[in-house]
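Some notes on the structure that comes next.
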Amino acid sequence: MKHWLIRGALAATALVLLAACTTRPTGDFGRAQPGVLHDEILPAIGQRAAAYRGEPVSDFNLTDQEREMHDRVWRFLIAPHTHDWFYDSAVEIQRTRLGANLDTQFVVDRYYAYLRGTDFQSSRVRYSRVANDIEIDIATIPGTFAAICRVLEVDRQRAIAVANVSLAAPDAPAEVEARRWENQQKIAWFTRALAYRYASYSTALERLLVETPHEEARIVDAQLARMEPYVTRARVGDFCLTGSGGMVFKDTGLPSRYQLPQPAALVRK
């Protein structure tokens, strides 16, 4: 009976929150505006919902690198300037962990629907809008890759630390693994969001070519060609290696007891 009461309470709470939940407020340049509801209340209840679903939930504080990754990734999860073509409401439910992997159900024709339903002064302007949106994405992808790379390094350092320190808390290994899982989920979400944007832009280009063919389509096609390698790299988890955009640098490793130098007696003279 107690199990069903808890389950019913959670379900009722989730329904109230889902009904009240709106997209996360944004400020200048599309940055998230801080607020108690979206930064504290919903995430706290979302963690309980995630634990109820059997997902790992870490109690670790976020590192600076993790905060930066969250901020940079969030820009790819939403599109507030285009009237929710990116399912901004569903994204907020997923970000706060009130729901899981809702993005896997997104369809790629919503961006084209936004373009088609917007009254531009010229049909050529729609191509310019697509090219501009892709250009903005391309400009911010390298920084997001770098932020992800640094978080991967943080997870690596945590694993080394928890395996070598003697005074770690008893639950430290489980916390380290839970946080690694959470970070991997965020990275996987970014990868899907990036691929979704690319597919949405491609769909829009092909449909515009049929509806209002113009030579500006060549510009959009060239922009897509620039974006595609990043999508490919994200899909294989290549956030840190060299590529056409140059090296993505990691943070300097911790010079610590976790990675001891070779004893002097063993060094050949």
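The values are calculated or read from the model by the stated rules, or taken from the named source; none is laboratory data. Because the structure is predicted, anything quoted here is derived from the model rather than measured. Don't worry about glycine lacking a Cβ; one is built from the backbone with ideal geometry, like all the others, and counts go over all protein chains shown. Each accessible area value is taken on the protein alone, full model and side chains, heavy atoms only, with ligands, DNA and RNA left out. Shrake-Rupley method; radii C 1.70, N 1.55, O 1.52, S 1.80 Å.
Scanning the stretch 143-199 for residues that are of a type in the set (Asp, Glu) and either in contact with a Cys (Cβ under 7 Å, 6 or more places away or on another chain) or at pLDDT below 95 (or both) yields a single hit, Asp171.
Residues in the stretch 106-131 that are in contact with a helix residue (DSSP H, G or I) (Cβ under 9 Å, 6 or more places away or on another chain), over 15 Å from Tyr201 (Cα atoms) and part of a helix (DSSP H, G or I): Ser123 only. Number of residues in the stretch 115-128 that are at pLDDT below 95 and open to solvent by 50 Å² or more (accessible area, probe 1.4 Å) equals 4. Close contacts from the stretch 154-165, counting a first residue that is within 16 Å of Leu62 (Cα to Cα) and a second that is at pLDDT 95 or above and open to solvent by 50 Å² or more (accessible area, probe 1.4 Å), with Cβ to Cβ under 8 Å and a gap of 6+ residues or different chains, come to Asp155/Arg180; Arg158/Arg180; Ala159/Arg180.
On the stretch given as the stretch 160-187, residues that are small (Gly, Ala, Ser) and loosely packed, with under 15 Cβ neighbours inside 10 Å total 5. For Ser200, the conditions (1) over 19 Å from the mean Cα position of the chain (by Cα); (2) surrounded by 14 or more Cβ atoms within 10 Å (Cβ to Cβ) are fulfilled apart from (1). Of all the residues in the stretch 50-64, those that are polar (S, T, N, Q) and open to solvent by less than 60 Å² (accessible area, probe 1.4 Å) number 2.
Conditions tested, residue by residue: (1) under 24 Å from Asp88 (Cβ atoms); (2) of a type outside the set (Asp, Glu); (3) without any contact (Cβ under 8 Å) to a residue 60 or more places away in the chain; (4) open to solvent by 60 Å² or more (accessible area, probe 1.4 Å).
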{"residue": "Ile148", "(1), (2), (3), (4)": "yes, yes, no, no"}
{"residue": "Ala193", "(1), (2), (3), (4)": "yes, yes, no, no"}
{"residue": "Glu211", "(1), (2), (3), (4)": "no, no, no, yes"}
{"residue": "His214", "(1), (2), (3), (4)": "no, yes, no, no"}
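Pairs are defined by a Cβ separation below 6 Å, a sequence spacing of at least 6 or placement on different chains, a first member in the stretch 91-112 that is closer than 30 Å to Ala131 by Cβ and polar (S, T, N, Q), and a second member that is modelled with pLDDT of 85 or more and surrounded by fewer than 20 Cβ atoms within 10 Å (Cβ to Cβ); the pairs so defined are Gln94/Leu102.
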